[in-house]
Amino acid sequence: MAHFSGRRRQTQFTHELNAPPEVVFPLLCPVREYEWLEGWTCEMIYSDSGVAEKDCVFRTNRQPGGLCTWCTTIYQPPERIEYVTVGEDSLTRLHVELARTAAGTRLRWTRLFTGLTELGNQNIGWWTTERDEWLAHQLEQFLARA
């Protein structure tokens, strides 16, 4: 087997929402994202409750590289949730923290991308701040209507 060295990149995005963590946290779920995230699709593989929980597993086909399998590795409502997603070419850890503020919730998304192949190394920069801003805007609009 030839030697391979994966590249790594981390992004972080913080956004203030006008809703308490108890309202925001349940929406950070592969099933509940259908309610607020335009174009979202997933296939639930395993969940005792039918929604996000510790060790929940689901698949998406939206990122570069195609099919990705996600697992919920941390589930601490309403403060923290973490997903690890593995595709053919990359692994991503998405860590989400929610902190109560006077106006509602400070939401912080931290993503750690690791290339598993040369193609994965080339694609670790595909996630941008503009994508985080779009996600936050989608969530904000849903909360305003709710």
Exercise. Does D55 meet the test of being over 14 Å from the mean Cα position of the chain (by Cα), among the acidic types (D, E) and crowded, with 17+ Cβ neighbours inside 10 Å?
Worked result: no
Problem set entry | Close pairs from segment 1-28: first of a type in the set (A, V, I, L, M), partner in a loop (DSSP other than H, G, I, E, B), Cβ under 6 Å, at least 6 apart | L17/G104; A19/G104
Problem set entry | Answer residue from segment 1-40, given it is open to solvent by 70 Å² or more (accessible area, probe 1.4 Å) and small (G, A, S) and is farthest from Q76 (Cα to Cα) among those | A2
Problem set entry | Tally, over segment 30-46, of residues that are part of a strand (DSSP E or B) and either touching a residue at least 60 places away in the same chain (Cβ under 8 Å) or of a type in the set (A, V, I, L, M, F, W, C) (or both) | 2
Exercise. Any idea which residue in segment 107-139 is surrounded by the fewest Cβ atoms within 10 Å (Cβ to Cβ), counting only those that are closer than 19 Å to S90 by Cβ and of a type in the set (D, E)?
Worked result: E118
For this session: Give the residue that is most open to solvent (accessible area, probe 1.4 Å), with candidates limited to residues of segment 79-106 that are within 14 Å of R9 (Cβ to Cβ) and either of a type in the set (A, V, I, L, M) or in contact with a Pro (Cβ under 9 Å, 6 or more places away or on another chain) (or both).
Result: L91
Exercise. Do we have T72 as closer than 23 Å to G115 by Cα, open to solvent by less than 40 Å² (accessible area, probe 1.4 Å), under 15 Å from the mean Cα position of the chain (by Cα) and free of Cβ contacts under 8 Å to residues at least 24 places away in the same chain here?
Worked result: yes
Exercise. Of all the strands (runs of 3 or more DSSP E) wholly in segment 47-146, which have at least 1 residues that are among the charged types (D, E, K, R) and in contact with a Ser or Thr (Cβ under 7 Å, 6 or more places away or on another chain)?
Worked result: 57-63, 80-87, 105-115
For this session: Just name the residue that is nearest to T105 (Cα to Cα) out of those in segment 1-24 that are within 17 Å of the chain's Cα centre (by Cα) and polar (S, T, N, Q).
Result: T14
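The values are calculated or read from the model by the stated rules, or taken from the named source; none is laboratory data. Here the structure is a predicted model, which means the values were calculated and not measured. Positions of Cβ are backbone-derived with ideal geometry, glycine not excepted, and every protein chain shown enters the neighbour counts. All accessible areas refer to the heavy atoms of the entire protein, side chains included, with ligands and DNA or RNA removed. Shrake-Rupley method; radii C 1.70, N 1.55, O 1.52, S 1.80 Å.
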